[in-house]
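To start, the structure itself, in structure tokens.
The values are calculated or read from the model by the stated rules, or taken from the named source; none is laboratory data. Note that the structure is predicted; figures quoted are calculated from it, not measured. We place every Cβ from the backbone using ideal geometry, glycine too, and count neighbours over all the protein chains shown. Only protein heavy atoms, including side chains, enter the accessible area calculation; ligands, DNA and RNA are left aside. Shrake-Rupley method; radii C 1.70, N 1.55, O 1.52, S 1.80 Å.
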Amino acid sequence: MNSFLVGLQFLTRIRIVRQTVWTAEDFGRSTRFFPLVGLVLGICYAFAAWILVSVLGMRALTAALLLILPLLLTGGLHADGFMDTADGVFSGRERERKLEIMKDSRVGSFGVVAFVLLMFLQFALLLDMSPPLLVPVFFVMPIIGRMAMVLAVSCFPYARADGMGKTFADMADRGTVAIAAVTTSVLVIPIGLLATLALVLGIVFALLFCRWMTAILGGVTGDVYGAATVLTETIVLAVFSLASSYSNVWGLLWR
């Protein structure tokens with residue numbers, strides 16, 4: 001239970017109990033519970049989607065508020081990792097310099113532009129989505145996104161000799177992936193075939209993305225963990241949004 005609470009407090013702004021002392025073991029053991037952290041976020045997101053669609057209907061304001069909510073509940077942690085990753089990867093520098101740029105707390109132009117483009121893309125995907133799909137997509141999206149983070153932590157080498165992300169990587173093993181995978185499957189698959197398809201495509205994307213980052217950086221970092229999460233969540237949104245364009249297809253998958 002303590003490890004789950006550590007993961008919840010680290011990855012979100014949700015505070016159930018006050019914890020001020022965290023050990024490396026606490027961080028490492030919390031990795032297997034990341035999909036459960038996604039479950040907590042998914043419940044919050046899905047409930048907000050249901051309320052907003054019921055009150056406002058499906059309009060631009062609804063989509064905007066649903067994009068703001070994850071940033072508020074996570075404190076922008078994963079978005080910051082995405083921007084830092086974009087700054088380093090697209091800098092055109094050598095590997096060591098890219099890692100230095102990613103470690104810099106300041107956000108550069110590449111990161112800002114990449115994040116703005118990502119928000120535009122997610123906004124468009126939500127506007128094109130059928131309203132009945134908003135609740136299920138916002139439920140499964142953070143769960144699949146945190147499973148992507150578990151894969152990034154457990155299946156790829158860490159690019160730096162030290163760092164907070166290395167604490168997670170050092171403690172992760174096959175058991176971590178197995179527990180997280182079972183948890184994710186139990187939470188996502190019952191939602192329907194469309195959610196299952198999003199899970200499969202999200203996992204494939206996360207593995208390919210982290211493999212690409214490993215080829216560029218010599219491994220992954222804490223920033224890459226965040227980037228893998230938000231990009232995988234975007235893949236989930238894309239699956240549900242594109243399915244909305246073919247009502248007969250998503251209707252079959254939803255059943």
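Of all the listed residues (68, 51), the sole one being under 17 Å from the mean Cα position of the chain (by Cα), modelled with pLDDT of 95 or more and open to solvent by 40 Å² or more (accessible area, probe 1.4 Å) is 68. Here is a check on your reading of the model: is residue 59 open to solvent by 60 Å² or more (accessible area, probe 1.4 Å) and farther than 21 Å from residue 133 by Cα? Taking the combined requirement at face value, the residue does not satisfy it. Of all residues in region 187-215, those satisfying the criterion of being in a helix (DSSP H, G or I), within 17 Å of residue 236 (Cα to Cα) and among the small types (Gly, Ala, Ser) are 195, 198, 202, 206.
One residue stands out among those in region 152-170 that are open to solvent by 40 Å² or more (accessible area, probe 1.4 Å) and of a type in the set (A, V, I, L, M, F, W, C): the one that is nearest to the chain's Cα centre (by Cα), which is 155. Of the residues examined, residue 75 is not one that is surrounded by fewer than 22 Cβ atoms within 10 Å (Cβ to Cβ) and at pLDDT below 85. Which is of a type outside the set (A, V, I, L, M), open to solvent by less than 20 Å² (accessible area, probe 1.4 Å) and at pLDDT below 90, of 12, 23? None of the others qualify; the one that does is 12. Scanning region 171-186 for residues that are open to solvent by less than 40 Å² (accessible area, probe 1.4 Å) and part of a helix (DSSP H, G or I) yields 175, 176, 177, 180, 181, 183, 184. Looking at this structure, is residue 134 assigned to a helix (DSSP H, G or I), touching a residue at least 60 places away in the same chain (Cβ under 8 Å) and either open to solvent by 10 Å² or more (accessible area, probe 1.4 Å) or not β-branched (Val, Ile, Thr) (or both)? Against the criterion (assigned to a helix (DSSP H, G or I), touching a residue at least 60 places away in the same chain (Cβ under 8 Å) and either open to solvent by 10 Å² or more (accessible area, probe 1.4 Å) or not β-branched (Val, Ile, Thr) (or both)), residue 134 qualifies. In the set (1) without any contact (Cβ under 8 Å) to a residue 60 or more places away in the chain; (2) open to solvent by less than 60 Å² (accessible area, probe 1.4 Å); (3) more than 20 Å from residue 233 (Cβ to Cβ), the condition left unmet by residue 110 is number (2).
For region 111-148, filtering for residues that are of a type in the set (A, V, I, L, M) and touching a Gly at 6+ places or on another chain (Cβ under 8 Å) leaves 6. Taken together, the residues in region 33-70 that are hydroxyl-bearing (Ser, Thr, Tyr) and over 14 Å from residue 233 (Cβ atoms) amount to 2. Inspection of region 230-237 identifies at least one residue that is open to solvent by 30 Å² or more (accessible area, probe 1.4 Å), at pLDDT 95 or above and within 12 Å of the chain's Cα centre (by Cα).
Whether any residue in region 137-146 is over 18 Å from residue 217 (Cβ atoms), among the charged types (D, E, K, R) and within 18 Å of the chain's Cα centre (by Cα) is what I want to check. Yes, the conditions are met somewhere in region 137-146. The number of residues in region 187-206 that are among the β-branched types (Val, Ile, Thr) and either farther than 11 Å from residue 144 by Cβ or open to solvent by 70 Å² or more (accessible area, probe 1.4 Å) (or both) comes to 3. Going by the conditions given, is residue 208 at pLDDT 90 or above and either closer than 27 Å to residue 44 by Cβ or of a type outside the set (A, V, I, L, M) (or both)? Considered against the rule, which asks whether it is at pLDDT 90 or above and either closer than 27 Å to residue 44 by Cβ or of a type outside the set (A, V, I, L, M) (or both), residue 208 comes out as no.
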